[in-house]
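*Asks:* Have a look at this one.
What follows is calculated from the coordinates using simple rules that are stated; it is not laboratory data. For clarity, every value in this text was computed on a predicted model and none was experimentally measured. In this analysis, Cβ positions are derived from the backbone assuming ideal geometry, glycine residues included, and neighbour counts consider all displayed protein chains.
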C-alpha cells in the first residue's frame, strides 16, 4: 500500500546541458520497472523534455503493442503557485514517488520544489563552469573559497527540515557526462566537490557518461533498461546500462514491497 505522502525526488540544476532530463527519465522508468508507483511533473513549460520523452515512450508502446512500464506524467499546467500545489497533491495521490524535472535556469517553482524535496539530485558536468552553481574556487589553487547562493538556499532548507521534521533533504550531486581525456581537470573538480560536500552536506556519486545512445533513444522514449526492445546492444551500451543501475542504486530510494 502506498504511503500517504509520496517521496519527492527533484532533479534540479540552474544550468542547462547537464543531462538532467535524461537522468530523470531513466530514474523514473527504473523505479516503475521495480514495481513502484511513480508520477512525474515537468516544470519546464518551454522545453518539456521529460514530458515529451515519456510521451514518445507511451506512443512507442501503443505503436508496437508492447508493455513499457511508464510513470504517470504531466507538464506544469499553470504557472501559479496555488495551482502547482493542487497539481502536486493530485499527481501524488496513491503514488510511492513524485518526481520533478526542473528548467535549466533560475526558476521560482524549481526552487520551491527543491527546498521541499526528500531527495534532491543535481547533475553537473565535470567542469568548474558547472561547479560554479554550488561553489567558488580560487583561480590558482582550485581550493573552495565560498559556497554559492544556491548551495546556501539548499543548506538552509535542509537545516529547517531537520529542525521541524527530524529528517533532512538527501542532496546528491551527480558527476555527469564524464570524459576519459580530462583526468587532471576531473581530479581538481573531484577534490573541490569533496571539500564542498563536507561544508554543505551533499553526497557525490558518479552519474551518466557522455554517450550518443541517450540522444538516439529520445524519439522512441526507450531507455537502456528496456531489454528486448533495443535490438542488439554493443559492449558500450551494456556498460552504460550497468552505469545507470549503479546510479539508481546510489540514490538509496526504497521501493515499497507490494502486498
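*Asks:* For segment 155-170, does any single residue satisfy the condition of being in contact (Cβ under 8 Å) with a residue 60 or more places away in the chain, surrounded by fewer than 22 Cβ atoms within 10 Å (Cβ to Cβ) and over 17 Å from residue 7 (Cβ atoms)?
*Replies:* Looking for residues that are in contact (Cβ under 8 Å) with a residue 60 or more places away in the chain, surrounded by fewer than 22 Cβ atoms within 10 Å (Cβ to Cβ) and over 17 Å from residue 7 (Cβ atoms), one finds none in segment 155-170, hence no.
*Asks:* Please identify the pairs in which a residue from segment 110-124 that is free of Cβ contacts under 8 Å to residues at least 40 places away in the same chain has its Cβ atom under 8 Å from the Cβ atom of a residue that is assigned to a helix (DSSP H, G or I), counting only partners at least 6 apart or on another chain.
*Replies:* These pairs meet every condition: 112/81; 112/84.
*Asks:* Right, next: Select, from 14, 55, the only residue that is in contact (Cβ under 8 Å) with a residue 40 or more places away in the chain and within 15 Å of the chain's Cα centre (by Cα).
*Replies:* 14
*Asks:* Count, please, the residues in segment 239-256 that happen to be assigned to a helix (DSSP H, G or I) and touching a helix residue (DSSP H, G or I) at 6+ places or on another chain (Cβ under 9 Å).
*Replies:* The qualifying residues number 5.
*Asks:* Okay, next question. Do any residues in segment 125-139 that are free of Cβ contacts under 8 Å to residues at least 12 places away in the same chain have Cβ atoms under 7 Å from those of residues that are in a strand (DSSP E or B) and surrounded by fewer than 20 Cβ atoms within 10 Å (Cβ to Cβ), where the two are at least six apart or on different chains, and which pairs are they?
*Replies:* Qualifying pairs under 7 Å: 138/145.
*Asks:* For segment 105-121, what are the residues that are part of a loop (DSSP other than H, G, I, E, B) and closer than 15 Å to residue 76 by Cα?
*Replies:* Passing the criteria: only 107.
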